[in-house]
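One structure below.
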Amino acid sequence: MRILQNLGKSANIFLQKIGRVTKFIISIFSNLFTPPTYGGEILKAFFQIGWMSLPVLGLTALFTGGALALQIYAGGSRFNAEQVVPAIVAIGMARELGPVLGGLIVAARVASSIAAEIGTMKVTEQVDALITLSTDPIKYLAVPRVLAATLSLPVLIAIGDSIGILGGYLVGINRLDFSSSTYLASTASMLQISDISSGLVKGVFFGFIISLSGCYCGFHSSNGAEGVGKATKSAVVAACVCILAANYILTEVFFNS
Amino acid sequence: MIKINNVHKAFSGQNVLDGVDMLVQEGSSTAIIGTSGAGKSVLLKILLGLIRPDIGEVSIGNIKVSKDKPGRTLSEIGMLFQGSALFDSLPVWQNICFKFLKGREKLSIQDAKEIAIQKLEKVGLNHEVANKYPSDLSGGMKKRVALARAIVGNPKIIFFDEPTTGLDPIMTNTINNLIREIVETMEATALTITHDISSVEQIADNVALLESGRIRWEGKSKKLRDSKNPYVYQFVNGKTKGPITAI
């Protein structure tokens, strides 16, 4: 009986959370297209989420591309298929590793900082102060961040894909004895527009998930430093899990189409 | 006029406000005193429209705050938060004129900055503070900046939430004097939440004691110390024994 009670309680809490998240998403969308628009805040969010994520994303992509080239070479050599390295690196980066790793890296960097910033503002009554100054906190704090993350992530992923392919290229020509022209020709001939576009579409979803997790957890953080810490942790965990789940669903969709 | 009518509010099944009735006359300065956890800040948040009461009504003028969206009354209200609640990412002048930079009543940057400097002078700070960030200011300066922000739109009603908490006695007096002066010159209605008796005597005409979610005593601030009401007697004299239980 107690097990059933606990199950019911957990289901109730879960459904309440789903309801709150849905309500939060609706409030973001309803504020997205209505004035006023905080241009300065949007630009600041683009700078902090997009531009400032470039170094860490670039380094991650570079090393991943290099490692991927080595692994594919090692695996491919078992059945004399070393020549597939450029194609697999390019397709792997564009379709899977670029979007997922990019999403996870940006989630760790951005979801945490959004949750910590908004959570701190909430516990220090700055969010209440915004309301008393006739400013909608969702419109002022959440909308710019959601907009910036959703639009920045595909661009970041495109850059990450290119750097990842560059990493594979550098390893390919320096360590695996590929000629530069062969490597580039093989990459160009095998990579299709759909490989790139599927990764970019994933980026849009991942960007939304990251900013949504950060904003939701920030706005719903409980009081005190511990509350903000929990909100930050929850934002990163939720963003990472949702990115991986969304990645599978989107991959299924692209696979079927 | 602020009318609070039979307001109840509970959190997680625990009653915080248990039928609060109160009337704040226009142009008066009223203080609500009470122990920590008595429900003062919750009542203030209900007045601001930040949270809704479970039962009861709050109206400011002709507007029912408890039923309408908070935006309808907030343009006429100034609020000084307990911890100042200044925006860390903005310089002092933008904090003060936030309403005019990001709100509905837009002003040019030049005009907004001029108004900010005027308000800073009104609270006894010089123009050099305008370009500093909240993290560069002392607790007293932050309170003054928050006070400047609260009065920037010349509100008809000003709420003060624990305006002197955490300040030294000299700064406490300075802030109290500023509040008194500002409220009088602006002819505003002021409602202060505090547990500092000396502040009450300095800034308020009327006092209400809120305890365990109910108003236990109301009267003139001058009569506070002479009151025979057991709640007031215990609170004013800091007695551990009496009807108020320390939580």
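The values are calculated or read from the model by the stated rules, or taken from the named source; none is laboratory data. Here the structure is a predicted model, which is why all the values come from computation and not from measurement. Cβ placement follows ideal geometry from the backbone for every residue including glycine, while neighbour counts extend to all protein chains displayed. Surface accessibility is based on the protein's heavy atoms, side chains included, excluding ligands, DNA and RNA. Shrake-Rupley method; radii C 1.70, N 1.55, O 1.52, S 1.80 Å.
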### Query
Hey, any idea what % of the protein assembly as shown's accessible area is carbon plus sulfur with a 1.4 Å probe?
59 percent
### Task
Would you work out which of A:Ile163, B:His195, A:Thr34 lies farthest towards the positive end of the dipole of the protein assembly as shown? Charges go on Cβ: Lys and Arg +1, Asp and Glu -1.
B:His195
### Query
With the calculation restricted to Cα positions, what are the radius of gyration and Dmax of the range B:83-149 in angstrom?
10.7, 31
### Query
Per-residue accessible area for B:Ser36 at 1.4 Å probe radius, Å² rounded to 10?
80 Å²
### Message
For a quick check of your reading of the filter: which GluC sites (Glu not before Pro) in the range B:159-211 sit in a DSSP loop and have no more than 12 other Cβ atoms within 10 Å?
### Response
B:Glu187
### Message
Taking 41 Å as R0, compute the FRET efficiency from the Cβ-Cβ separation of B:Asn6 and B:Ser138 and round it to 0.05.
### Response
0.45
## Note on the structure
For the protein assembly as shown, the charge dipole (Cβ of Lys, Arg +1; Cβ of Asp, Glu -1; about the Cα centre) points to a positive end, and the Cα of B:Ala31, A:Gly207, B:His127 closest to that extreme belongs to B:Ala31
### Query
Angle, helix B:109-122 long axis vs. longest principal axis of chain B, Cα atoms, 0 to 90°, nearest 10?
50 degrees
### Task
Please give, to one decimal in nm, the separation of the simple spin-label points placed at A:Ser77 and B:Asn177, each 7 Å out from Cα toward the Cβ.
8.4 nm
### Query
Hey, if we sort B:His127, B:His195, B:His8 by accessible area with the 1.4 Å probe, largest down, what's the order?
B:His127, B:His195, B:His8
### Task
Take the Cα of A:Ser27, step 7 Å along the line toward its Cβ, and report every residue of the range A:123-148 whose backbone nitrogen sits under 17 Å from that point.
A:123-147
### Size of electric dipole in chain B: Cβ of Lys, Arg +1 and of Asp, Glu -1, about Cα centre, debye, nearest 20
420 debye
### Query
Accessible surface of B:Ile117 in the full protein assembly, 1.4 angstrom probe, to the nearest 10 Å²?
50 Å²
### Query
What FRET efficiency do you get for A:Ile18 and A:Lys230 if R0 is 22 Å and r is their Cβ-Cβ distance, rounded to the nearest 0.05?
0.70
### Query
Tell me: how much accessible area in total is hidden between A and B, 1.4 Å probe, Å², nearest 100?
1700 Å²
### Query
In a GNM of chain A with a 10 Å cut-off on Cα contacts, which of A:Arg175, A:Arg78, A:Arg20 has the highest mean-square fluctuation?
A:Arg78
### Message
Under 19 Å from a point placed 7 Å out from the Cα of B:Gln25 along the Cα-to-Cβ direction: which residues of the range B:153-169 have their backbone N that close?
### Response
B:156-158
### Message
I want to verify a result. In a Gaussian network model of chain B, Cα cutoff 10 Å, which of these has the top mean-square fluctuation: B:Pro155, B:Pro230, B:Pro163?
### Response
B:Pro230
### Magnitude of the charge dipole, the protein assembly as shown, Cβ model with Lys/Arg +1 and Asp/Glu -1, debye to 20
1020 debye
### Task
Would you tell me the accessible area of B:Thr35, worked out with a 1.4 angstrom probe on the heavy atoms of the protein chains, in Å² to the nearest 10?
40 Å²
### Query
Taking amide H positions as placed 1.01 Å from N in the peptide plane, with prolines and chain starts having none, which residues 5 or more places from B:Ser28, or on another chain, fall under 5 Å of its amide H?
B:Ala190
### Task
Describe numerically, in nm with one decimal, the distance between label points set 7 Å from Cα along Cα→Cβ at B:Asp18 and at B:Asp205.
3.2 nm
### Summary
Per 5 angstrom bin, beginning at 0 and ending with the bin that holds the maximum distance, the Cα pairs of the range A:39-256 fall in percents of 1, 8, 14, 16, 16, 13, 10, 8, 6, 4, 3, 1, 1, 0
## Note on the structure
Label model pair B:Lys239, B:Glu57: point-to-point distance (7 angstrom along the Cα→beta-carbon line) in nm is 3.9 nm
### Summary
Taking only the alpha carbons of the protein assembly as shown, the radius of gyration and the largest Cα-Cα distance, Dmax, both in angstrom, are 28.9, 99
### Message
Which residue fluctuates most in the GNM of chain A (Cα springs below 10 Å): A:Glu117, A:Glu96, A:Glu125?
### Response
A:Glu125
### Task
Identify, among A:Leu101, B:Asn173, A:Leu62, the residue whose Cα sits farthest towards the positive end of the charge dipole of the protein assembly as shown, taking +1 on the Cβ of Lys and Arg and -1 on the Cβ of Asp and Glu, with the dipole about the Cα centre.
B:Asn173
#### Entry: Between helix A:143-174 and chain A: long-axis angle, C-alpha atoms, 0 to 90°, nearest 10
20 degrees
